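Taken together, the values in this text are just the output of simple stated rules run on the coordinates, not laboratory data. As the structure is a prediction and not an experimental result, all values here were calculated from the model. Neighbour counts are summed over all protein chains in view; Cβ atoms, including those assigned to glycine, are modelled from backbone coordinates with ideal geometry.
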Amino acid sequence: MKFKVRNFTSKRSGSEIANQFIIETPKGTYFQSYDSIIVFKRNDGQVFLDKQYWNYSVTTGKYRKLFLNENIAETRYKILMKEYKIKNLN
């Protein structure tokens, strides 16, 4: 399988959202906001969040929530419980 890159799309309009990307690879799927990798979900379900950028801005948070399908409280809980790992992804 090759890498596939696509923009997030707006649920309202169906339009591509600039600077917000989903990157599919043979090992898993990345969420990239602007030039920074925010999240990596391995095919086995393990989730890695970038230690510097996972909660960088309101915009990053909005699309991270969509990518993970959960709110910030759920994400923080999973970090606390070590279900999600914090790692340098950039």
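For segment 44-58, in order, what is each residue's ³J(HN,Hα) by Karplus, 6.51 cos²θ - 1.76 cosθ + 1.60 with θ = phi - 60°, in whole Hz (x at glycine and Pro)?
Once θ is set to phi - 60°, the couplings for segment 44-58 become 7, x, 5, 10, 10, 10, 5, 5, 8, 10, 4, 10, 6, 8, 4 Hz.
First check a/c for the chain, with a ≥ b ≥ c the square roots of the eigenvalues of its C-alpha gyration tensor; if it is under 1.5, answer rounded, and if not, answer prolate when a/b is larger than b/c or oblate otherwise.
Oblate, since a/c reaches 1.5 and b/c is not below a/b.
Would you list 13, 36 from fewest to most Cβ contacts within 10 Å?
Fewest-to-most Cβ neighbours within 10 Å comes out as 13, 36.
When the chain is modelled as a GNM with alpha-carbon springs shorter than 10 Å, which of 39, 47, 58 fluctuates the most?
Comparing 39, 47, 58 in the GNM, the peak value goes to 58.
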